[in-house]
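The structure appears right after this line, and notes come after that.
The values are calculated or read from the model by the stated rules, or taken from the named source; none is laboratory data. As the structure is a prediction and not an experimental result, all values here were calculated from the model. Note: ideal-geometry Cβ built from the backbone for every residue, glycine included; neighbour counts use all protein chains shown. Surface accessibility is based on the protein's heavy atoms, side chains included, excluding ligands, DNA and RNA. Shrake-Rupley method; radii C 1.70, N 1.55, O 1.52, S 1.80 Å.
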2 protein chains.
Amino acid sequence: MAPSTTVPNGTLPSGSVTGRLASVYSEVQKTRVDHALPLPSVLKHPFTILHGPPSSAAGNPDEIAKLFPHLFGQPSAALARSDAAQTQKKLKIGVVLSGGQAPGGHNVISGIFDYLQERAPGSTLYGFKGGPAGIMKCKYVELTSEYIYPYRNQGGFDMICSGRDKIETPEQFKQAEETAKKLDLDGLVVIGGDDSNTNACLLAENFRSKNLKTSVIGCPKTIDGDLKCKEVPTSFGFDTACKIYSEMIGNVMIDARSTGKYYHFVRLMGRAASHITLECALQTHPNITIIGEEVAAKKLTLKNVTDYIVDVVCKRAEINYNYGVILIPEGLIDFIPEVQHLIAELNEILAHDTVDEGGLWKKKLTDQSLKLFDFLPQAIQEQLMLERDPHGNVQVAKIETEKMLIQMVETELEKRKQEGKYKGEFKGQSHFFGYEGRCGLPTNFDATYCYALGYGAGALLHSGKTGLISSVGNLCAPVKEWTVGGTALTSMMDVERRHGKFKPVIKKAMVELEGAPFKKFASLRDEWALKNCYISPGPIQFSGPGSEVINHTLLLELEAQA
Amino acid sequence: MAPSTTVPNGTLPSGSVTGRLASVYSEVQKTRVDHALPLPSVLKHPFTILHGPPSSAAGNPDEIAKLFPHLFGQPSAALARSDAAQTQKKLKIGVVLSGGQAPGGHNVISGIFDYLQERAPGSTLYGFKGGPAGIMKCKYVELTSEYIYPYRNQGGFDMICSGRDKIETPEQFKQAEETAKKLDLDGLVVIGGDDSNTNACLLAENFRSKNLKTSVIGCPKTIDGDLKCKEVPTSFGFDTACKIYSEMIGNVMIDARSTGKYYHFVRLMGRAASHITLECALQTHPNITIIGEEVAAKKLTLKNVTDYIVDVVCKRAEINYNYGVILIPEGLIDFIPEVQHLIAELNEILAHDTVDEGGLWKKKLTDQSLKLFDFLPQAIQEQLMLERDPHGNVQVAKIETEKMLIQMVETELEKRKQEGKYKGEFKGQSHFFGYEGRCGLPTNFDATYCYALGYGAGALLHSGKTGLISSVGNLCAPVKEWTVGGTALTSMMDVERRHGKFKPVIKKAMVELEGAPFKKFASLRDEWALKNCYISPGPIQFSGPGSEVINHTLLLELEAQA
């Protein structure tokens, strides 16, 4: 592999080599680089596209139809084997990574690249650098075999890096058009979450409306697992991230059982939906798991959640277990209505009033909010009063929910102890598992799934498709039987009213309380609470036993569908 | 495997099954349970013991000789192949786990058990429960093949659990004697760190002085890696723990490079010595690594450490790198003399004076301590003033060093920005990797090493040896060539004067600034600081590539010795 002087996230004096190419790889990284990936059979042969019936929208189809006049109603596309020779037309394709990292992103790019190499030789693949801003600023690198090689099956997004910008204003759409024209792009693959795929669809509509030849295909990325639908069974990265977190949780469980004196409160990434927390629970069987969607559905208060934990702690103490493991989703407090009210009131008060030392300002809170505020531990009260984002809002994301819960549980247990209702000992230990899960080496599942998503995206672009999200299905079957195709992005959309206007959105897929994964969890959690049914999944294996296990969420959802 | 109603850390109503036996094992756990371990050749055949020359002590041999009249000067013992038939005498052996968990403890026990089964059939192995307290209270379980089976090659100490009690007072020694007599023990294996092995030697001396037949053999356990000497090249658990932390650090590095906007401050376990931090640095190549022993040797202040970090951050900003990864040992502030002074002064002031809101109490601090106190971020000042242990002392362990450093670096960077010396952006993210490393599934190295340590301990007891620590050497060679024997615990000891009396101690092995691991690190760190030479070791593999790699510290130390 030839050194390159084009370097993600920084520049060194010319001639020096950095990024992946300067790195010495670990044994495991080296093996993974050369790991050959299986392809679904349908991608190994010439194919034709079969179309489904016209599609609708996830909600408000009339509004979606108005927002996407050129794209609305597109049928889904399924690849099927064909003996007809395919066009050998050379393509110019761009690819962009959008939003937070998820293991497997590099493989989507490798998949697109290999498709082009094998099915449309002489094609060009451009990687836009630093996310959608790279499209707008026409900042790109031409991806070659040598450039891509060291990133194959590796974690991270550092091949071309990502960014959180959106292409939103007419000016920005214009910039994107200019880039598409300048590079003579036949197609663009947008690898991202719900927002980025919505954006991809707007871009596809815009290009189509301007009679640009550039097609746009999305790819479902997010470790949070909240971008999915029947035809897109999972978002990539979820499998790897959950397995990394579960490895750590399993270790902490064995530690808890060995020491016998700590309650470990583990906060897990996932602000909007609790899929990660649910999946990790199914993998490891913790004593207590809080699922945000259930808290919201049952309109639980913070006191309810605390009491639920305290009840279990007390029952466990009666059978001499003064330890345990508790999983909490990062977004927990966003799910609690009373916390939302309190924060809204605080934002209002802090914006307009002075906060006096004596606490007179508190009189401006409603009774319910005041009660909640006083219930909160002092450290959290201070955090709510002091930490502000640039808009003056309370930074909910900065609240360490796991520490807050430990303090609230301590206080409640102390109360019960004084009432003679609790005789145990309680020591809380807090953990946050987040960044370590976003950039791990992708599991065999994510590596293969992403490669198929990318290869399939290449096939869709080659067939002139636009406004679809790459869809690989039948994932419980052997890889050769996986289905490959595309689903109309508009079919996943609904509208939200913002500033008096309808905005299209792909609705986040939340944990369904009637879905198979939650129901399985709910049927077992009481047993997990009192017995210690801990499972330690151990480190992700790339070969041998355990290396082909897929996550429970996907398996249960697919089984329920079958 | 038959269910058992004897359960670690808790009791359930009779008839119910819990602990490992109630657990569903993960694929990886299942495979590991049945993983066959290789034995050094010398343990596969009848053996004889070869003795070295009389030993001395690590320091103050005269005092050690007085403290251990029956044991001082014992030669080391090396197993050698012999064709002479060995005694088939049945043995009664006890085993205890002492102190914090380390991956591999269960395998030491399996090794002892298998030795007895194979070489002294009809023997009995008792597991004392909950650490040394189990010996004193004669709380034990008879370890059978069925009992041990589910714990083979598994992490944790939950087979018999551990504890931090010490056998110290004459009364406690008496209790230990009574247990030894009651169970008619031929031998006892103490699996622990430096303190526990010192304790094991005191117990051996005591049993010998009372003419009890019970021999005592130690085993070197600690993830911290600070119990070692020439004949005991490493303590078990260090390899696994460092690989687990390095997996996480490697992931965070790729995240840092992909996002390009965070400095990750990673605090790693290891209060007394910085071996873990050094090893993780050698495995992953972070931009900045703080080694406590170097800070102490160079008498650095907190300001020096902060400036070192800030200098690197500024230089990186000049080449457009506004991200990086920084490793910090848990015990950092214990290594900084000025912090120790400040804490001593605070303890004194808080014990005798009232702390006034106005801050007049600060006048009681020495100039140097006052300056340091004012330099500390407010949150840390508050922590120092508020958090007290039961003896009224500041709880240094609770100070989140990584967060403290982030705040100090922020403040200093802000200053430099105003002086026009820094133009970058700085965002710190803090991590603590601790509990998740103590109970992971042991690596192939730790699993095999521990099994040999245990098997060897069985052989030493079978030969009537006492006061030795099980020693397995030649670890860079194939397992069959590993050496097995025992080293006089007194030879590792020095004395410390406490309350006017000499106390024997096995000195913690600190990071040697002249040792090969530190020197290698020191020769590379400037390059790592500015270039991004990150390595992502990936998850521990149990088969295939990467599964037989041993840690850098051990490899470099053994190579330097050779």
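Of all the residues in segment A:156-171, those that are more than 11 Å from B:Thr259 (Cα to Cα) and within 14 Å of chain B (Cβ to nearest Cβ) number 2.
The residues of segment B:171-214 that are polar (S, T, N, Q) and within 26 Å of the chain's Cα centre (by Cα), listed by number, are B:Gln172, B:Ser196, B:Asn197, B:Thr198, B:Asn199. Each residue in segment B:206-238 was checked for being more than 14 Å from chain A (Cβ to nearest Cβ) and either buried (at least 23 other Cβ atoms within 10 Å of the Cβ) or of a type in the set (Val, Ile, Thr) (or both), and 18 of them qualify.
Among the residues of segment B:309-349, those that are more than 30 Å from B:Lys363 (Cβ to Cβ), surrounded by fewer than 18 Cβ atoms within 10 Å (Cβ to Cβ) and charged (D, E, K, R) comprise B:Asp311, B:Lys315, B:Glu318.
Looking at the structure I just gave you, is A:Asp389 open to solvent by 50 Å² or more (accessible area, probe 1.4 Å) and free of Cβ contacts under 8 Å to residues at least 24 places away in the same chain? Criteria not met by A:Asp389.
What tally of residues in segment A:81-96 results from selecting those that are part of a strand (DSSP E or B) and open to solvent by less than 60 Å² (accessible area, probe 1.4 Å)?
Residues meeting the conditions: 4.
Counting only residues that are of a type outside the set (Val, Ile, Thr) and under 25 Å from the mean Cα position of the chain (by Cα), segment B:110-139 holds 13 of them.
Could you say whether any residue in segment A:102-110 is open to solvent by less than 60 Å² (accessible area, probe 1.4 Å), touching a residue at least 12 places away in the same chain (Cβ under 8 Å), in contact with a Leu (Cβ under 9 Å, 6 or more places away or on another chain) and in a loop (DSSP other than H, G, I, E, B)? Yes, segment A:102-110 has at least one match. Listed conditions (1) of a type outside the set (Val, Ile, Thr); (2) touching a Ser or Thr at 6+ places or on another chain (Cβ under 9 Å); (3) not in a helix (DSSP H, G or I) are all met by B:Pro517, apart from (3). Against the condition charged (D, E, K, R), surrounded by fewer than 18 Cβ atoms within 10 Å (Cβ to Cβ) and at pLDDT 95 or above, how does B:Lys44 come out, does it pass? When the stated conditions are applied, B:Lys44 passes them.
Can you confirm whether B:Leu475 is more than 14 Å from chain A (Cβ to nearest Cβ), open to solvent by less than 10 Å² (accessible area, probe 1.4 Å), at pLDDT 95 or above and assigned to a helix (DSSP H, G or I)? So B:Leu475 fails the test. Within segment B:33-64, being touching a residue at least 12 places away in the same chain (Cβ under 8 Å) and not in a loop (DSSP other than H, G, I, E, B) holds for B:Val33, B:Ser41, B:Val42, B:Leu43, B:Phe47, B:Thr48, B:Ile49, B:Leu50, B:His51, B:Glu63, B:Ile64. One residue stands out in segment B:276-298 among those that are in contact (Cβ under 8 Å) with a residue 24 or more places away in the chain and of a type in the set (D, E, K, R): the one that is surrounded by the most Cβ atoms within 10 Å (Cβ to Cβ), namely B:Glu279. The set of residues from segment A:114-162 being part of a helix (DSSP H, G or I) and of a type in the set (Gly, Ala, Ser) comprises A:Ala133, A:Gly134, A:Ser145. Answer yes or no: is there a residue in segment A:117-125 that is in contact with a His (Cβ under 8 Å, 6 or more places away or on another chain) and either more than 14 Å from every other protein chain (Cβ to nearest Cβ) or of a type in the set (D, E, K, R) (or both). Within segment A:117-125 (the criterion being in contact with a His (Cβ under 8 Å, 6 or more places away or on another chain) and either more than 14 Å from every other protein chain (Cβ to nearest Cβ) or of a type in the set (D, E, K, R) (or both)), the answer is yes, since at least one residue qualifies. Total residues in segment A:400-434 satisfying the condition of being open to solvent by less than 30 Å² (accessible area, probe 1.4 Å) and in a helix (DSSP H, G or I): the figure is 9. When you scan segment B:164-182, do you find a residue that is over 24 Å from B:Lys465 (Cβ atoms), in contact with a Lys or Arg (Cβ under 7 Å, 6 or more places away or on another chain) and open to solvent by 70 Å² or more (accessible area, probe 1.4 Å), even just one? Checked segment B:164-182: no residue is over 24 Å from B:Lys465 (Cβ atoms), in contact with a Lys or Arg (Cβ under 7 Å, 6 or more places away or on another chain) and open to solvent by 70 Å² or more (accessible area, probe 1.4 Å). For first residues located in segment A:517-536 and more than 7 Å from chain B (Cβ to nearest Cβ) and within 26 Å of B:Gln154 (Cα to Cα), partners that are surrounded by fewer than 21 Cβ atoms within 10 Å (Cβ to Cβ) and β-branched (Val, Ile, Thr) and lie 6+ apart or on another chain with Cβ distances below 8 Å form the pairs A:Leu530/A:Ile319. Here A:Lys30 passes the criteria (1) within 14 Å of another protein chain (Cβ to nearest Cβ); (2) in a loop (DSSP other than H, G, I, E, B); (3) over 30 Å from A:Lys182 (Cα atoms) except the one numbered (2). For segment A:538-561, the condition holds for at least one residue, the condition being that it is touching a Cys at 6+ places or on another chain (Cβ under 7 Å), more than 14 Å from chain B (Cβ to nearest Cβ) and either under 29 Å from A:Ile64 (Cβ atoms) or part of a helix (DSSP H, G or I) (or both). Annotation note: Cβ proximity below 9 Å between a residue of segment A:264-275 that is free of Cβ contacts under 8 Å to residues at least 40 places away in the same chain and a residue that is open to solvent by 10 Å² or more (accessible area, probe 1.4 Å) (sequence gap 6+ or interchain) occurs for no pair. Only one of the numbered conditions (1) touching a residue at least 60 places away in the same chain (Cβ under 8 Å); (2) open to solvent by 30 Å² or more (accessible area, probe 1.4 Å); (3) not in a strand (DSSP E or B) is violated by A:Ala78, and that is (3). Give the residues of segment A:350-359 that are loosely packed, with under 13 Cβ neighbours inside 10 Å and either touching a residue at least 40 places away in the same chain (Cβ under 8 Å) or assigned to a helix (DSSP H, G or I) (or both), sorted by residue number. Correct list: A:Ala351, A:His352.
All of (1) buried (at least 24 other Cβ atoms within 10 Å of the Cβ); (2) touching a strand residue (DSSP E or B) at 6+ places or on another chain (Cβ under 6 Å); (3) at pLDDT 95 or above hold for A:Ala241 with one exception: (2). If you take the residues in segment A:270-300 that are of a type in the set (Ser, Thr, Tyr) and either in a helix (DSSP H, G or I) or modelled with pLDDT under 95 (or both), which one is farthest from A:Arg257 (Cα to Cα)? Ranking the qualifying residues of segment A:270-300, first place goes to A:Thr277.
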